[in-house]
Amino acid sequence: MSERSELSVQDLTMRFGGLTAVRDFSLELAKGELVGLIGPNGAGKTTVFNVITGVYRPTSGKVLLDGVDITGWRPDRVCKQGIARTFQNIRLMRSLSVLDNVIVGHRLRLKSSLGSAILRTPGYVREERELIQTSLELLDSLGLVHYKDVPAGGLPYGEQRRVEIARALATRPRVLLLDEPAAGMNPQESMDLCEFIQKVRRDFNLTVLLIEHDMSVVMGICERIAVLDHGETIASGVPAEIQANQRVIEAYLGVGYKNVAAN
Amino acid sequence: MQIQHDPRRARLKLILTLLSLALSALAIWWANNNLSSYYLRILNLAGINAILAVSMNLIFGFTGLFSLGHAGFMAVGAYTCALLTLPMRSKQTIFLLAPLAWPFNAVTLPPFPAVLLAGLAAAVMAYLIGLPVLRLRGDYLGIATLGFAEIIRVVANNIPTITNGALGLKGIPSFANNLWWTWGWAAATVWVTSRLVNSVYGRSLLAVKEDEVAAEIMGVNLTYHKILSYVIGSAFAGVGGALMGSLVTAINPKTFGFMLTFNILIIVVAGGLGSITGSVITSVIYTVLLEALRPIESGWSIGPLHVPEIPGLRMVVFALVLLVIILFYQRGLFGGREFTWDGVLDWIDRKRNRKQEVAG
């Protein structure tokens with residue numbers, strides 16, 4: 001490859017006992033790309049995310065971030081290296097305020113020692129003030145600042161999704177992994193979310209990998225799509241190609257369905 | 001967006017803090033000089049319970065580590081401090097079965113460094129235990145730490161050259177029978193814990209409590225934060241144990257049974273997980289109530305109803321009180337809230353505004 005990929009997943013295999021959740025999965029994301037990862041339920045999409053972020057150590061294969069091999073790193077180190085994610089079932093710290101959720105995202109850049117935090121040295125106080133300020137600015141830029149003191153668990157569902165993305169952005173990632181961000185949203189909310197994701201990608205100069213079942217979202221914003229079924233990559237390409245791919249249609253609808261879009 | 005700064009309020013808060021500190025000091029001075037030794041003892045015990053409850057709250061209430069090893073760390077602290085402060089002559093008379101081992105047979109320290117070393121010993125122990133055990137979650141962690149506390153007790157029973165076995169240690173210098181000591185350390189515990197909890201470090205602890213997986217994905221190093229909270233909490237448990245040993249002047253392995261841990265757990269849960277204020281106030285209420293309820297054990301009658309002398313009846317009352325608290329205040333008396341000057345000042349402001357609205 002002439003240009004180095006931002007995120008590169010090479011021949012990834014993940015086995016749980018006798019079950020192979022993902023087999024020989026490979027994916028290259030160039031800087032700034034927005035790529036979709038789709039497939040029927042249980043295809044292994046979230047497993048791919050869990051391996052990339054270090055929740056699981058892969059059975060074999062490699063994950064490289066900007067050329068650095070991060071395979072099997074602890075999740076917090078992967079995060080520090082520049083990969084942030086959201087979860088399929090939102091995992092905010094529900095009883096913490098929205099601001100505190102974002103502050104936790106900023107935690108990894110805190111330089112002050114524990115001692116200086118307890119003694120409230122001027123250096124610590126300044127750093128904490130800056131950190132809160134940055135967090136507020138982040139919330140402001142995403143239009144969430146009016147929620148800052150609300151417990152995150154008390155927000156409407158769609159807003160929780162945004163806060164979770166805001167929290168992920170607080171870690172200043174290079175790559176953002178979104179796990180079904182539009183799940184449970186109505187069409188209008190999904191549209192808003194698409195705009196939100198586009199805006200975030202532009203403003204924060206991100207590379208995005210997106211798992212999604214909502215095809216209007218996937219086809220609308222993804223530049224490329226990879227399709228997983230039973231742990232294997234059955235197709236990849238631009239949205240139009242995927243829509244016309246017979247194997248994809250079979251994976252979703254079963255054998256025997258004709259490609260309506262191609263007719 | 002700007003963070004709000006109100007220099008006038010900051011100054012007011014500083015004045016209020018200094019004023020309340022001065023008042024507390026005055027109250028302690030007065031109590032030390034005027035109260036009978038019985039009341040002093042209760043208040044000292046309340047102070048020690050406050051240390052133990054706040055430290056357990058840091059571990060369980062703020063970090064979510066369900067640890068039942070508090071009595072074990074108290075034992076480590078109590079033995080360390082007792083062995084360091086006992087005068088040479090009583091060491092010789094106490095250790096009849098086997099001679100006392102080095103270094104305790106060679107040194108006698110003043111109380112303050114001895115208590116510090118007691119905390120340090122408990123902290124080292126917490127680090128060693130915590131590294132493997134804190135990988136467990138929830139009930140499993142509770143069982144493992146409970147087992148650890150029992151191991152400490154059994155070991156204390158069986159190393160006569162250090163602990164004097166089941167006979168225990170007697171005649172420990174009673175420096176802690178002094179409100180400055182007990183409440184001074186309680187203040188230090190509250191100060192360190194609240195500073196820690198309200199810092200960015202503390203928010204990370206809360207994040208670990210709320211959702212370990214999410215916290216780790218957000219770049220929070222789980223092991224580091226769990227150990228951090230466990231070591232600091234246990235260090236204060238060691239200090240509490242040291243002071244308790246000095247207050248009762250005699251310790252043996254039986255002193256540090258698991259009931260001790262459960263008593264503190266009751267205080268923490270009743271006061272509210274994640275509320276330092278709750279832990280401190282409930283410690284005082286609990287200790288005082290435990291003494292105040294003594295008369296009901298000695299037999300009494302209301303009209304035709306006659307209750308004979310039943311030892312342990314007050315624990316029944318306590319069980320009922322706890323039931324009521326759990327039924328009506330699921331999150332404890334303070335439910336995670338804290339006393340802050342900001343809270344008080346905001347409350348006064350609201351009252352004043354309402355009055356003005358009514359007047360205008």
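Here are the numbers for the structure shown:
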read-out: Residue ranges of helices (runs of 4 or more DSSP H) in region B:245-360 with at least 1 members closer than 30 Å to B:PHE112 by Cα and under 27 Å from the mean Cα position of the chain (by Cα); value: B:258-271, B:276-292
read-out: Some residue of region B:217-237 being more than 14 Å from chain A (Cβ to nearest Cβ), in contact with a strand residue (DSSP E or B) (Cβ under 7 Å, 6 or more places away or on another chain) and touching a residue at least 12 places away in the same chain (Cβ under 8 Å); value: no
read-out: B:ARG11 vs. criteria of a type outside the set (S, T, N, Q), open to solvent by 60 Å² or more (accessible area, probe 1.4 Å) and touching a Leu at 6+ places or on another chain (Cβ under 9 Å); value: no
read-out: Restricting region A:193-235 to residues that are of a type in the set (S, T, N, Q) and touching a helix residue (DSSP H, G or I) at 6+ places or on another chain (Cβ under 7 Å), the residue that is farthest from A:LEU37 (Cα to Cα); value: A:GLN198
read-out: Selection within region B:307-360 - open to solvent by 100 Å² or more (accessible area, probe 1.4 Å), closer than 28 Å to B:ARG9 by Cα and of a type outside the set (Phe, Trp, Tyr); value: B:ARG337, B:ARG350, B:LYS351, B:ARG352, B:ARG354, B:LYS355, B:GLN356, B:GLU357, B:VAL358
read-out: Given (1) at the interface with chain B (Cβ under 9 Å from one of its Cβ atoms); (2) within 14 Å of the chain's Cα centre (by Cα), number of the condition A:LEU169 does not satisfy; value: (1)
read-out: Qualifying residue in region B:296-306 (condition: more than 21 Å from B:GLY147 (Cα to Cα), of a type in the set (Gly, Ala, Ser) and buried (at least 17 other Cβ atoms within 10 Å of the Cβ)); value: no
read-out: Residue among A:LEU114, A:LEU142, A:LEU92 that is buried (at least 17 other Cβ atoms within 10 Å of the Cβ), at pLDDT below 95 and at the interface with chain B (Cβ under 9 Å from one of its Cβ atoms); value: A:LEU92
read-out: Number of the exception - A:LYS62 against (1) free of Cβ contacts under 8 Å to residues at least 60 places away in the same chain; (2) within 20 Å of A:GLU212 (Cβ to Cβ); value: (2)
read-out: Matching residues, region A:145-162, being buried (at least 16 other Cβ atoms within 10 Å of the Cβ), within 12 Å of chain B (Cβ to nearest Cβ) and within 18 Å of A:GLN88 (Cβ to Cβ); value: A:ALA152
read-out: Pairs, first more than 9 Å from B:SER229 (Cβ to Cβ) in region B:196-207, second at pLDDT below 95 and of a type in the set (Lys, Arg), C-beta under 6 Å, six or more apart; value: B:VAL200/A:ARG107; B:SER204/A:ARG107
read-out: Residue tally, condition buried (at least 24 other Cβ atoms within 10 Å of the Cβ) and out of contact with any Phe, Trp or Tyr (no Cβ under 8 Å at 6 or more places or on another chain), over region B:63-85; value: 8
read-out: All positions within region A:96-124 that are more than 13 Å from A:LEU139 (Cα to Cα) and of a type in the set (Val, Ile, Thr); value: A:VAL104, A:ILE118, A:THR121
read-out: Members of region B:43-62 found to be more than 30 Å from B:GLU210 (Cα to Cα) and open to solvent by 20 Å² or more (accessible area, probe 1.4 Å), listed by number; value: B:LEU43, B:LEU45
read-out: A:ASN50 assigned to a helix (DSSP H, G or I) and either within 13 Å of chain B (Cβ to nearest Cβ) or open to solvent by 10 Å² or more (accessible area, probe 1.4 Å) (or both); value: yes
read-out: Of the criteria (1) crowded, with 17+ Cβ neighbours inside 10 Å; (2) within 14 Å of chain B (Cβ to nearest Cβ), which one A:VAL63 fails; value: (2)
read-out: Checklist (1) more than 21 Å from the chain's Cα centre (by Cα); (2) open to solvent by 20 Å² or more (accessible area, probe 1.4 Å) applied to B:VAL192, failing item; value: (1)
read-out: Close pairs (7 angstrom Cβ cut-off, 6 or more residues apart or separate chains): in contact (Cβ under 8 Å) with a residue 12 or more places away in the chain and farther than 18 Å from A:ILE38 by Cβ in region A:179-192, of a type outside the set (A, V, I, L, M) and open to solvent by less than 60 Å² (accessible area, probe 1.4 Å) anywhere; value: A:GLU189/A:GLY158
read-out: Tally, over region B:202-216, of residues that are facing another protein chain (nearest Cβ under 7 Å), open to solvent by 10 Å² or more (accessible area, probe 1.4 Å) and not aliphatic (A, V, I, L, M); value: 4
read-out: Unmet requirement for A:ALA84, which otherwise passes all of (1) open to solvent by less than 10 Å² (accessible area, probe 1.4 Å); (2) out of contact with any strand residue (DSSP E or B) (no Cβ under 7 Å at 6 or more places or on another chain); (3) within 12 Å of chain B (Cβ to nearest Cβ); value: (2)
read-out: Any hit, region A:151-162, residues being touching a residue at least 40 places away in the same chain (Cβ under 8 Å), touching a strand residue (DSSP E or B) at 6+ places or on another chain (Cβ under 9 Å) and either assigned by TED's automatic domain parsing to the domain that holds A:GLN198 or more than 30 Å from A:GLU6 (Cβ to Cβ) (or both); value: yes
read-out: Sole exception among (1) part of a helix (DSSP H, G or I); (2) within 14 Å of another protein chain (Cβ to nearest Cβ) for B:GLY241, by number; value: (2)
read-out: Region A:214-257: number of residues that are open to solvent by 10 Å² or more (accessible area, probe 1.4 Å), farther than 24 Å from A:LYS31 by Cα, touching a strand residue (DSSP E or B) at 6+ places or on another chain (Cβ under 7 Å) and of a type in the set (Gly, Ala, Ser); value: 1
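The values are calculated or read from the model by the stated rules, or taken from the named source; none is laboratory data. Owing to the predicted nature of the structure, the values given are computational and were not obtained by experimental measurement. Every residue, glycine as well, gets a Cβ built from its backbone with ideal geometry; the counts of neighbours run over all protein chains shown. These accessible areas exclude ligands, DNA and RNA; they are computed on the full protein's heavy atoms, side chains included. Shrake-Rupley method; radii C 1.70, N 1.55, O 1.52, S 1.80 Å.
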